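Each remark here refers to the structure printed beneath this line.
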Amino acid sequence: MNESPWIILDCDYLAHRAYYSTGRLEFEGKGTSVAFGFLSEVIRQQNLHASGKVAFCFDKGKSLRKEIYGGYKDHSLSDEFEWKKKQELHKQIHFMRDEYLLEIG
């Protein structure tokens, strides 16, 4: 019996990679960079491993690095442009997690 493998995805990593590698994709005024890049990678992994079994894993809570060193990545929030990009990224991640993935099952 040859059962298809589970694909376990680091969703935060994939979302960040998608956001920064696809540019500023939009549809009807809504950012879609994360959704496009993320779902493209999910499909690629499913085809590569011939499996429909996917576990989506997201980070939860504060980073251990932030607990150890309170100034971790503070420099990235000091620049207003970078702060706005980070806000847009997190908005798209939340939409992906709370809307798209629930809809597709």
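The values are calculated or read from the model by the stated rules, or taken from the named source; none is laboratory data. All values derive from a computational prediction rather than experimental measurement. Don't worry about glycine lacking a Cβ; one is built from the backbone with ideal geometry, like all the others, and counts go over all protein chains shown. Heads up: the accessible areas ignore ligands, DNA and RNA and are worked out on the full protein's heavy atoms, side chains in. Shrake-Rupley method; radii C 1.70, N 1.55, O 1.52, S 1.80 Å.
Some observations on this one:
- The accessible-area ordering, largest first, of the residues 51, 4 stands as 4, 51, per a 1.4 angstrom probe.
- What the pair-distance distribution of the range 1-43 shows, using all Cα-Cα distances binned every 10 Å from zero, is 28, 43, 18, 9, 2 percent.
- Candidates per GluC sites (Glu not before Pro) in the chain, loop by DSSP, up to 16 other Cβ within 10 Å: 3, 28
- Taking every alpha-carbon pair under 8 Å whose residues sit at least 6 apart, the chain reaches a relative contact order of 34 percent.
- Where Rh is the Kirkwood radius over Cα pairs, Rg/Rh for the chain: 1.03
- Pairs of Lys residues in the chain that lie 8 or more places apart, or on two chains, and have C-alpha atoms under 26 angstrom apart add up to 23.
- Rounded to the nearest whole Hz, the Karplus-based 3J(HN,Hα) values (6.51 cos²θ - 1.76 cosθ + 1.60, θ = phi - 60°) of the range 3-11 follow the sequence 8, 5, x, 7, 9, 9, 10, 7, 5, with x at glycine and proline.
- Amide H within-cut-off set for residue 32, under 5 Å, with H built and near neighbours excluded: 25, 26, 27
- Two-site label geometry, residue 27 and residue 79: point separation in nm, points 7 Å out along Cα→Cβ: 3.0
- Cα gyration tensor shape of the range 8-67, rounded if a/c is under 1.5, else prolate or oblate by comparing a/b with b/c: oblate
- Surface per residue (accessible, 1.4 Å probe) for the chain, Å²: 75
- Overall, the accessible surface of the chain at a probe of 1.4 angstrom is composed of carbon and sulfur to the extent of 56 percent.
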